[in-house]
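Each remark here refers to the structure printed beneath this line.
The values are calculated or read from the model by the stated rules, or taken from the named source; none is laboratory data. Keep in mind it's a predicted model, so treat the numbers as computed, not measured. Please note: Cβ atoms are built from the backbone with ideal geometry, for glycine as well, and neighbour counts cover all protein chains shown. Quick note on the areas: whole protein, heavy atoms, side chains included, nothing else; ligands and nucleic acids left out. Shrake-Rupley method; radii C 1.70, N 1.55, O 1.52, S 1.80 Å.
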Amino acid sequence: MDNPHSLMQAAAGHYQAGRFVEAARCCLRALKTAPDHGDALRMLGAMAYQAGDGARAVDFLERAEAAMPGDPNVHNLMGLALLMTGEVKSAEARFRKALAIWRAPEFYNNLGNALKAQSRVDEALDAYRGALDLNPEYAGAYYNLGNAHRKKNDLSEAAACFRKALEFAPRLGNALAGLGEVTLDMGRAEEALPMLLEAITRLPDDADLHCSAGNAFQSLERWKDAAAAHDSAVRLNPRLARAWYGAGCVLIHDKDYAGAAAHFEKALEIAPNWPEALHNLGQSLFNLGQVERAVDLFRAAAAGGPPELPLLAIAVAIPGDPRADNPAIALDRRRWAEKCLPRAKPIRGIPPKTAAADASVPIRIGYVSSFFSDHNWMKPVWGLINHHDRRRFEIHLFSHGPISAITHGYTAHPADRFHDLSGMTNALAAERIQREQIDILVDLNGYSDTRRLPLIALHPAPVVVGWFNMFVTSGMPAYDYLIGDHSVLPPGEEGFYGEKILRVSGSCLSFEVGYPVPDVTPPPCAAAGRITFGCLASQYKITSGVMAAWSRILDRTPESRLMLKNARLGQVRNRDLLIRLLEKNGIPAERVLLEGPSDHYRFIEAYGRVDLALDTFPYNGGTTTTEALWQGVPVITFRGDRWASRTSASILDAAGLGDFVARDREDYVDLAVRVASAPDACDRLAVLRQGMRQHLRDAPICDTRGFARNMERIYTEIRPRCGADAQHSSLDSMRPP
């Protein structure tokens, strides 16, 4: 059967039955007799295309075109093969050539795909509509039209197109998947999930579909299901960047930052400049203490995509970046504030607060915090508020939570006013503050709750002050004053701040402990015969520079041990990464004890296993330092180059423990070694420990009554004045989300 006509009849039968090898043999035999047989060359090109070999398909189809230049199917197949090889512009030309010969709906559909691949979405929409004009029941064209609308973010139109595709092809898994994905894009995850799961039963090997299901599970906070779906997507297609990204997002939720970082790294290997992946990798590394690299990643994310989130991340992280100095910190915070915060404008219907003509009228002080319920953190705050003179000051607490959540620390006063702002937008919260005619608003959040910084930006009181939680400049024009002390902010550094600087005598973080704490125990060196250094600071403060200094301390005190305890160490991969980093710095694993989170009582009970606490830098402890001292454990620190790196020095100075404050980083290492290596070190630590609480009570650091008088003098000085010097609040009439 060597007759080309008979061979091609046989080839067609094999092809329709899916016997492609037999079909190819028939075509090749036909070509031996008739080397330019157009039908044989076209069928071989079609089969090469279907096998995924675009280049070979092009070779056959070029020969077919020479034999049959007027055959539109050859041009259409050539366009498909060229799309496969990435020659999109040439593919478009082939589809147009096919259409010039014959206006077939399939040719319009394929032209639409070529145009969409060039991001010419409006032209693609016209091409798909051309296909549907010729065949109104063309499910594939509806599917592609839906994807084009989705690319333009026309989600309702996209959903309608996917539904039309399913109307004409109910078993079309891609259309069901598209409808599920666009429904998810519309924020209706609960509605989308069943569609996506049904589509997976039809297209079980579609990695993108598993990834979309993972995103739906994630939106519904079904984290284990989300992890399984993303893992399936990665297994099906290890080159699918968004599958690695989705899995990384789940791991961030689980606080497995080391695992998340590894997944975002994989996503970026595939899609190197993906802004969201750069940002999330930065967040993961920041939480692990790799601050310098995190800041670099945030900068790359801001340069390549929407800048709001990465600029905010830089503003939060930059005080802890050892490379940054005060001008750099101020610049990064201003950059975020100018780009992302609302501008203050008057609100209609609410008159601005005016200064009281009678100086004897109590000054209304408003304290704003999202953390009033965190009694351990609020030690300085309650120490101040509990001792306010209510005859001269009217106290308002603006809280992101109910008063019932405050269980310790605050001594309620019948004259105080409590305002629960939870559930309010920043604009509504600002209106509430202004309606209360507050004279001085004191922000206790700073950058610890960035969701409420737009509230401060609206300047809802005549005077706005940052205290307690603002350790560098805010970068925001809304803050009129920052309150510090001479240790954290020595004279001469005011120029690095946009705010006016006010200083209290002693420490700006005087505190009182008004909640249950464990008893002080003897130092562990008494039983162990060796010194245990420790740090219970947040992991993001334990930078590479900190670990390098600690490695030198341990190297010079060969019998000593190091204990670290924080929330991030609850995850195995986070611990393993830290061990590797410590070993890289010369600290062997057997000299390190790592502990994860505990309830707060058990957490500070861990100080019973620490002889000497080592401070972090450039971001010192604050709460961590006061808790160590209250448990009898002295803290080794040094005076750094910025407010955030002098906080512990301020506390220790006011505690009468200045001997534990080194001059600089080198002296920090020497001081730790000197204290730990003294022949009578354990005896001296035992004596210090035993008397520490009484020593603190007698020191200025715990004179919260005196601190309250200092703060009240400042408030009296900066209260709104009548006349030309009076300041007026202003709010933005556009309510931010």
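The residues on offer are Asn215, Asn237, and the sole one that is among the polar types (S, T, N, Q) and under 19 Å from the mean Cα position of the chain (by Cα) is Asn215. For region 58-76, the candidate set comprises residues that are outside any loop (DSSP other than H, G, I, E, B) and open to solvent by 30 Å² or more (accessible area, probe 1.4 Å); within that set, the residue that is nearest to Lys116 (Cα to Cα) is Asn73.
The set of residues in region 436-495 being of a type in the set (Gly, Ala, Ser) and over 21 Å from Ile718 (Cα atoms) consists of Ser448, Ser487, Gly492.
Report yes if Asp703 is open to solvent by 40 Å² or more (accessible area, probe 1.4 Å), within 40 Å of the chain's Cα centre (by Cα) and modelled with pLDDT of 95 or more, otherwise no. Yes; evaluated as a whole, the condition is true for this residue.
Looking at region 95-111, can you tell me whether even one residue there is closer than 17 Å to Ala158 by Cβ and at pLDDT 95 or above? Yes, there is a match, as at least one residue in region 95-111 is closer than 17 Å to Ala158 by Cβ and at pLDDT 95 or above.
In this structure, is Val464 modelled with pLDDT of 95 or more and within 28 Å of Arg721 (Cα to Cα)?
The answer is yes for Val464.
Whenever a residue of region 553-565 is of a type in the set (S, T, N, Q), its partners that are open to solvent by 10 Å² or more (accessible area, probe 1.4 Å) and in a strand (DSSP E or B), lying with C-beta atoms within less than 8 angstrom and at least six residues away or across chains, give the pairs Ser560/Thr532. For region 82-130, a tally of residues being closer than 21 Å to Tyr143 by Cβ, open to solvent by 20 Å² or more (accessible area, probe 1.4 Å), part of a helix (DSSP H, G or I) and of a type in the set (Ser, Thr, Tyr) returns 1. Does Thr557 satisfy the condition of being within 19 Å of Asn376 (Cα to Cα) and either open to solvent by less than 50 Å² (accessible area, probe 1.4 Å) or hydrophobic (A, V, I, L, M, F, W, C) (or both)? The answer is no for Thr557.
Scanning region 562-593 for residues that are open to solvent by less than 60 Å² (accessible area, probe 1.4 Å) and of a type in the set (Lys, Arg), we see that the one that is nearest to Gly248 (Cα to Cα) is Arg568.
Taken residue by residue, region 285-304 has no member that is surrounded by fewer than 19 Cβ atoms within 10 Å (Cβ to Cβ), closer than 26 Å to Leu455 by Cβ and either modelled with pLDDT under 95 or in contact with a Pro (Cβ under 8 Å, 6 or more places away or on another chain) (or both). Selection of region 379-431 for residues being surrounded by 20 or more Cβ atoms within 10 Å (Cβ to Cβ) and among the basic types (Lys, Arg) yields only Lys379.
Restricting the first residue to region 72-94 and requiring it to be within 21 Å of Pro105 (Cβ to Cβ), which pairs with a second residue that is part of a helix (DSSP H, G or I) and among the acidic types (Asp, Glu) meet a Cβ separation below 6 Å and a spacing of at least six or different chains? From region 72-94, the pairs are Val74/Glu65. Pairs meeting the criteria (first residue in region 23-52 and within 17 Å of Glu65 (Cβ to Cβ), second residue among the basic types (Lys, Arg), beta carbons under 8 Å, at least 6 apart or on different chains) are Asp36/Arg63; Leu41/Arg63; Ala48/Arg56.
Out of (1) closer than 30 Å to Ser360 by Cβ; (2) at pLDDT 95 or above, the odd one out for Thr647 is which? Result: Thr647 passes all but (1). Of all residues in region 18-57, those satisfying the criterion of being outside any helix (DSSP H, G or I) and within 54 Å of the chain's Cα centre (by Cα) are Gly18, Arg19, Ala51, Gly52, Asp53.
Within region 583-608, count every residue that is touching a Pro at 6+ places or on another chain (Cβ under 7 Å) and more than 12 Å from Ala628 (Cβ to Cβ). So the answer is 2.
Considered as a group, the residues in region 283-302 that are out of contact with any Ser or Thr (no Cβ under 6 Å at 6 or more places or on another chain) and assigned to a loop (DSSP other than H, G, I, E, B) include one that is nearest to Pro319 (Cα to Cα), and that residue is Gln290. Whenever a residue of region 424-435 is farther than 11 Å from Arg451 by Cβ and at pLDDT 95 or above, its partners that are open to solvent by 50 Å² or more (accessible area, probe 1.4 Å) and outside any helix (DSSP H, G or I), lying with C-beta atoms within less than 7 angstrom and at least six residues away or across chains, give the pairs Ala427/Arg735.
Reported count of residues in region 678-692, each being closer than 18 Å to Leu652 by Cα and either among the aliphatic types (A, V, I, L, M) or open to solvent by 40 Å² or more (accessible area, probe 1.4 Å) (or both), is 6.
Cβ-Cβ under 6 Å, sequence separation 6+ or interchain: first residue in region 232-254 and charged (D, E, K, R), partner open to solvent by less than 20 Å² (accessible area, probe 1.4 Å). Which pairs? Listed by first residue and then by second, the contacts come to Arg242/Cys211. The set of residues in region 297-344 being in contact (Cβ under 8 Å) with a residue 12 or more places away in the chain, out of contact with any Cys (no Cβ under 6 Å at 6 or more places or on another chain) and of a type in the set (Asp, Glu) consists of Asp321, Asp325, Asp332.
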